[in-house]
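Bear in mind that the values in this text are calculations on the coordinates, not laboratory data. Since the structure is predicted, the reported quantities are computational estimates derived from the model, not experimental observations. Every residue, glycine among them, receives a Cβ derived from its backbone with ideal geometry; neighbour counts consider all protein chains shown.
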Amino acid sequence: MFRFSFTVYWLQFMRKSVILVPLCLILFITSALAQTINRTKFIADSLDAYINRALTNWRVPGAAICIVKDNKVVLMKGYGVKELGLNNKVDENTLFMIGSNTKAFTATALAILEDQKQLSLDDKVTKYIPTFKLDNQLAGQDVRLRDLLCHRLGFGTFQGDFTYWTSDLSRDEVIEKMSHVKALYPFRTRWGYTNAAFVAAGQVITKVTDRSWESYIKDYFFAPLGMGYSKVLSKDMPTVYNKAAAHTIADGRLVPITYPMIDNLAPAASISSSVNDMSKWVLCLLNDGKVGPRQVIPFSAIKATRTAQDIIGEDHHPDGSTSDLLYGLGFELETYAGHRIVMHTGGVNGFVSSVTMVPDERLGIIILTNTDQNELYDALKWEIIDAVNNKPYQNYSDKYLARYKANVANEQQQDKKLRDTVALKLAPGLPLSAYTGRYTNDLYGNMTIDMGGENNTELQMHFEHHPKMFALMQPLGQNRFYVTFSDPEFGKAVFPFSVKNGQVTAVRVKVADFIEYTTYDFKKLP
């Protein structure tokens, strides 16, 4: 921001000058002077203006930011409001759901138990959960605790999450459902982000310590670190006074939504925290597990979580550089500007966040936002890292925003085509009653289609494990329907039905990529 204002000042001065200077020389001088600007002052001089402008552009109601450097808090501040339309400002103690930044707590807990000789990360999962199985029987028998924490079961990213996400399944039922997932890849050959694996890891903690995962997290992290505002379970969030509301964008409108109830996936995603509390977690990790003279977390446990276990792929940084993107235990690992970065992001309904550490610079960045439809949390992280390293200003927020808007415009165009087709009122291939009935999928369970809406003239889907949700089906002609879920997080999609000899035999169900990428084939029951 400062670099841009300086450039404007310089050009205004040149216009007032009576000396005619070639444009190329002006640009050369401007560029040269811009390169001498001390970018490390960006945080103190320009960050507030940058964030406030970005919140407006991204349509983010509120955010909280914390930057720590050399064992000190450099900045800790709330921006915007907790809930759209209300004048309730975010502060440093406002709780946000942190999503998958929960995973680092679970992974560190298991690493602590290894340090205490209560388990080995190379133990088989079946040693602690004898009923643990995968569809690949031999793989299920050989899965190690380490495999759970680094996403190498062979599952595709998010595979199975439609079955689990905000569903009524218990943690034990989620673990049992893993045996029904048809893994997309052979065991240990590909990285695939697997939330359910962390549920199993959490249950191992219970088996070893004879206490619940949530009790362990409270007593071994929240209490000794002084994270007094944080909540372990999503069910506690609605009762909190100082909390950010969850928001999403549905049909082009920014709207508040209910908090996602995901305690069946708690060890993967359920923690809510503030930048004040998260600063204590990050400061401890950057200080090799110490808080003052106290060794709260064994250094060996921290080292274990930062040791690369699997290759995610190549990461293309916003400045145009690339590096290998690796996964440790509950943390992503990569190199940028000559520094090793330890990081993770988190996304749940209504919230996205990031936690980033640059250990050799003793730098930590925490960014919490209260809408799930923004990339500011990622752009801002890189902006701060660049400033600390005195790299040229890139305005990543605007670059990310341009890409985001292009993607949204394309999605809206595709959605309009489908809605226009619905408006044509094309007759389905069969009478609507032919599509009603009970359907089943080996992984998910049961689903029913019945007549609903006004005067019972519309088809609706109801899912066994999401009893509060339904999906409206609108004909697109033939045996295709445009389906809109009542929960906007599950999205909209085209569901094709299979028909044989004039009888419906199956339907292919697809939810939003935010929930799961893979499709589900539900067979129609007689």
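Key figures for this structure:
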read-out	value
Net +/- balance of residues flanking T94 in space, Cβ distance below 13 Å, scoring K and R +1, D and E -1	+1
Degrees between helix 103-115 axis and first principal axis of the chain (Cα, 0 to 90, nearest 10)	90
Trypsin sites (Lys or Arg not before Pro) within region 404-435, DSSP loop, no more than 16 other Cβ atoms inside 10 Å	K425
Under-5 Å amide H pairs with L75, H placed in peptide plane, nonlocal only	I67
FRET efficiency estimate (nearest 0.05) - Cβ-Cβ, E411 to K127, R0 35 angstrom	0.15
Phi-based couplings in Hz for region 459-475 (Karplus 6.51, -1.76, 1.60; Gly and Pro marked x)	7, 10, 9, 10, 10, 3, 9, 10, x, 8, 10, 9, 10, 8, 10, 10, x
Nearby lysines by direct alpha-carbon distance to K416 (threshold 19 angstrom, same-chain neighbours under 8 apart not counted)	K405, K425, K492, K510
Separation of alpha-carbon centers, region 491-526 and region 72-97, rounded to whole Å	42
In sequence order, calculated HN-Hα J values of region 82-93 (Karplus, 6.51, -1.76, 1.60; Hz; x Gly/Pro)	6, 9, 3, x, 10, 8, 10, 6, 6, 10, 5, 10
Residues L286, L145, sorted so that the one with the fewest Cβ neighbours within 10 Å comes first	L286, L145
Tilt relative to the chain, helix 2-16 - C-alpha long axis, 0 to 90 degrees, to 10	50
Region 44-116: trypsin sites (Lys or Arg not before Pro) in DSSP coil with no more than 15 other Cβ atoms inside 10 Å	R59
Reachable lysines, given that their alpha-carbon falls under 20 Å from the alpha-carbon of K500 and they are not under 8 places away in the same chain	K523, K524
Helical contribution to [θ] at 222 nm, DSSP H n ≥ 4, -39,500 (n - 2.57), averaged over the chain, rounded to 500	-9000 deg cm²/dmol
Charge dipole magnitude, Cβ of K and R +1, D and E -1 - the chain, Cα centre, debye nearest 20	640
For I341, residues with placed amide H under 5 Å, excluding near neighbours	E334, T335, Y336
Region 433-467-region 133-203 distance, computed between alpha-carbon centres (Å)	27
Under Karplus coefficients 6.51, -1.76 and 1.60, residue-wise ³J(HN,Hα) of region 311-323 in Hz, glycine/proline x	9, 7, x, 9, 9, 9, 6, x, 8, x, 7, 9, 7
log10 of Debye I(q)/I(0), alpha-carbon scatterers only, for region 317-458 at 0.09, 0.12, 0.19, 0.20 Å⁻¹	-0.52, -0.73, -1.18, -1.26
For region 424-524: rounded, prolate or oblate by the Cα gyration tensor [a/c cutoff 1.5]	rounded
Helix 396-423 axis, angle to the chain major axis (alpha carbon atoms, nearest 10°)	30
Size of electric dipole in region 315-380: Cβ of Lys, Arg +1 and of Asp, Glu -1, about Cα centre, debye, nearest 20	200
